Amino acid sequence: MVSIIMGSDSDLPVMRQAADLLRELGLAFEVTIVSAHRTPERMFEFARTAHQRGVQVVIAGAGGAAHLPGMVASLSPLPVIGVPIKSSNSIDGWDSILSILQMPNGVPVATVALNAAKNAGILAAQILGTHDPALQMRLLAYKQKLQQEVLQKAQQLEGQGYDVYAALEGKQ
C-alpha cells in the first residue's frame, strides 16, 4: 500500500495526480492530511507506525517550508517520495523544492519536480514493482501507452502537411 500525505487540503489538486495514477495501475493507497507544523504529534505517530499498518511507500507533498517529507523520512524506515508544491505562500516553489531536495546525509527523500505528483505515483509503483512482476508488466504497458500517444501525435503533425510555424502563430 502507498500512503499519500500532504500538509494541507489546498495540496489536494496536485496530490490527486498520484492517487489517479496509482488507481490506474491497480495499487492500494490511502490519502490524508498530516501537517508537520500544525499537527506535529499526528505526523510523529504517522511516521513511526505507517510500516506497521502495511504501508510500503510514502508520497508526501508539501509547499512553502515543506518539512513534511523530510520529517517523515527521519522517523520512518519506509522510502519517502517528496512532492514540492507551489503554494500560496511559496517563493515560486523554490523554497519547497530546496526544503525537500536538500536533505542531510542519512535522511534521504526521493524528490520529484514541482507539482509532479503523477511522477511520484509512478516512482512509488516502480519501487513496489521490484518485487511484483505483474505490476512491472502494468508499468511497461503504461509506458508503452505513453509512447503510442507521442507517436500518434507525431504522425498527425507530420502527416497532414502541418505548418508548425503557422500553428504557433494561430493561422492554422
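Residue-wise test of (1) aromatic (Phe, Trp, Tyr); (2) closer than 15 Å to Leu123 by Cβ; (3) touching a Gly at 6+ places or on another chain (Cβ under 8 Å).
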{"position": "Ala19", "(1), (2), (3)": "no, yes, yes"}
{"position": "Ala36", "(1), (2), (3)": "no, no, yes"}
{"position": "Glu41", "(1), (2), (3)": "no, no, no"}
{"position": "Ala50", "(1), (2), (3)": "no, no, no"}
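Restricting the first member to region 6-35 and to residues that are within 17 Å of Gly70 (Cα to Cα) and without any contact (Cβ under 8 Å) to a residue 40 or more places away in the chain, and the second to residues that are surrounded by 19 or more Cβ atoms within 10 Å (Cβ to Cβ) and among the aromatic types (Phe, Trp, Tyr), the beta-carbon pairs closer than 7 Å and six or more apart or on different chains are Val34/Phe46. Scanning region 91-113 for residues that are in contact with a helix residue (DSSP H, G or I) (Cβ under 6 Å, 6 or more places away or on another chain) and within 17 Å of Gly7 (Cα to Cα) yields a total of 4. Across region 143-166, not a single residue is classified as surrounded by 11 or more Cβ atoms within 10 Å (Cβ to Cβ), free of Cβ contacts under 8 Å to residues at least 60 places away in the same chain and of a type in the set (Gly, Ala, Ser).
Looking only at residues that are under 11 Å from the mean Cα position of the chain (by Cα) and closer than 16 Å to Asn115 by Cα in region 7-28, which one is surrounded by the most Cβ atoms within 10 Å (Cβ to Cβ)?
It comes out as Ala18.
Are any residues in region 8-46 assigned to a helix (DSSP H, G or I) and aromatic (Phe, Trp, Tyr), and if so, which ones? Correct list: Phe44, Phe46. None of Pro104, Pro79, Pro133, Pro108 is more than 12 Å from the chain's Cα centre (by Cα) and in contact (Cβ under 8 Å) with a residue 40 or more places away in the chain except Pro79. Count of region 44-55 residues, restricted to those that are in contact with a helix residue (DSSP H, G or I) (Cβ under 6 Å, 6 or more places away or on another chain) and either at pLDDT below 95 or not basic (Lys, Arg) (or both), is 1.
Considering only residues that are β-branched (Val, Ile, Thr) and under 14 Å from the mean Cα position of the chain (by Cα), look in region 29-60 and name the one that is surrounded by the most Cβ atoms within 10 Å (Cβ to Cβ).
Result: Ile59.
The values are calculated or read from the model by the stated rules, or taken from the named source; none is laboratory data. Please read all numbers here as calculations on a predicted model, not as lab measurements. For neighbour counting, all protein chains shown are included, and Cβ atoms are generated from backbone atoms with ideal geometry for every residue, glycine included.
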